[in-house]
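Below you'll find the structure, written out as structure tokens, and then a few comments.
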Amino acid sequence: MDHDNHLSRKTVLKAALAAGASVPIAMAGVPALARTARDSGGSPVFTPACDDGDDPTPAQTEGPYFKPNSPRRTSLVDASTQGTRLTVTGFVFGAACRPIANVLLDFWQADTNGAYDNSGYRLRGHQFTDAQGAFSLTTIVPGLYPGRTRHIHVKAQAPNRPVLTTQLYFPGEPRNSTDTIFDPELLMTVRANGPAREASYDFVLNVPQSPGPGDPSDPTDPPTGGAWKAGAAYRAGDRAAYGGRSYACLQAHTAQAGWEPPNAPALWRAQ
Ligand SMILES: [Fe+2]
């Protein structure tokens, strides 16, 4: 595997987001834009690139606190929940870097004091990725407990596929260097938003996929689509021409002024 020499769709998304300043403000609602360089300062170190399909998100131990039958919900908090608010957003990709819809994601974590709810379902919940393979979790920053660094547990299962059990980690945690199962490939990107935190992580599941429209290697791709126009609904893989260049759509959206392909690297990749 070579993460440096393959420019993947996901890498492009992330690079676009790291570029930040060139992204129109109107795009703030696009989920992928939650991806930013780590707030620790230095150059961003991204989670595994979804480039050649051979580097799925690593598995980790389930630990002692998983409970089946969690409620289906995207928010694990209510007004009484103590702790720093945290959103985690991202996508689930398969082996060909195409997003997977309807992936079951079951999250569980400690409360702000480092305790799991083993009698009820506080800070436990499951959800499914949407048609674009995206998910969004509203929760709190988990507290620390003895022997471990800060983490969120998750099980991810694409339809009719095995379960991936793993954990997500936070950058800049002192205990990351002493936790024996910590894996930097499972680091989320995290930034502060006022008193809250916004994290992102993209899963790559070992789910076979055939290359789809928009993959440069797909010989069935049309050489170019019609001219880009505001108001048009584009799907991932669609092509559009703008300013004499051909672009491939990276994620479904309805085009609007300000999101012209050269201005929206999170949405369009030049061919
Ligand atoms: Fe845990």
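Would you pull out the residues with amide H under 5 Å of Ala252's amide H, same chain only if 5 or more places away, H placed 1.01 Å from N?
Ala236
Quick one: net charge of Tyr121's neighbours, Cβ under 10 Å, K/R +1, D/E -1?
Once positives and negatives cancel, what remains is +3.
Could you derive backbone 3J(HN,Hα) for region 163-173 from the dihedral phi with the Karplus parameters 6.51, -1.76 and 1.60 (θ = phi - 60°), listing whole Hz in sequence and x where the residue is Gly or Pro?
Values per residue, Gly and Pro as x: 7, 9, 9, 7, 9, 10, 10, 10, x, x, 7 Hz.
Normalised by the residues of region 36-204, what does the relative contact order come to in percent, with Cα pairs under 8 Å and at least six apart?
31
How do Leu104, Leu187 line up, fewest other C-beta atoms within 10 Å first?
In increasing order of surrounding Cβ atoms, one gets Leu104, Leu187.
Need the full-extension length gain, Tyr121 to Arg235, defined as separation in residues times 0.36 nm minus the C-alpha distance. One decimal, nm.
Taking 0.36 nm per residue and subtracting the Cα distance, the gain is 37.4 nm.
Classify region 36-204 as rounded, prolate or oblate, taking a ≥ b ≥ c as the square roots of the eigenvalues of its Cα gyration tensor: rounded when a/c is under 1.5, otherwise prolate if a/b is larger than b/c and oblate if not.
Taking the square roots of the gyration eigenvalues as a ≥ b ≥ c, region 36-204 is rounded.
Lys67 to Ala131: FRET efficiency via 1/(1 + (r/R0)^6), r the Cβ-Cβ distance, R0 30 Å, to the nearest 0.05?
Given R0 = 30 Å and the Cβ-Cβ separation, E is 0.55.
Rounded to whole Å, give me the distance from the Cα center of region 95-125 to that of region 129-146.
6
Only counting other Cβ atoms within 10 Å, I'd like Val88, Val141, Val103 sorted with the fewest neighbours first.
Ranked by crowding around the Cβ, least crowded first: Val141, Val88, Val103.
Per residue of region 130-143, in order, report the coupling 6.51 cos²θ - 1.76 cosθ + 1.60 (Karplus, θ = phi - 60°) as ³J(HN,Hα) in whole Hz, putting x for Gly and Pro.
In residue order, the calculated couplings are 7, 4, 8, x, 9, 9, 8, 10, 10, 7, 10, 5, x, x Hz.
Multiply the residue separation of Asn102 and Thr84 by 0.36 nm, subtract the distance between their alpha-carbon atoms, and state the gained length in nm to one decimal.
Contour length minus Cα-Cα distance gives 3.6 nm.
Kindly write out, for region 64-79 in residue order, the coupling ³J(HN,Hα) from the Karplus curve 6.51 cos²θ - 1.76 cosθ + 1.60 (θ = phi - 60°), rounded to whole Hz, with x marking Gly and Pro.
Using θ = phi - 60°, the values come out as x, 10, 5, 10, x, 6, 5, x, 7, 6, 9, 10, 9, 10, 9, 4 Hz.
Fewest to most neighbouring Cβ within 10 Å: what's the order for Ile140, Ile152?
Least crowded to most crowded, the residues run Ile140, Ile152.
The numbers here are math on the coordinates, done by the rules we state, and not lab data. Values in this document were obtained by computation on a predicted structure and should not be read as measured data. All Cβ positions, glycine included, derive from the backbone under ideal geometry; neighbour counts span all protein chains shown.
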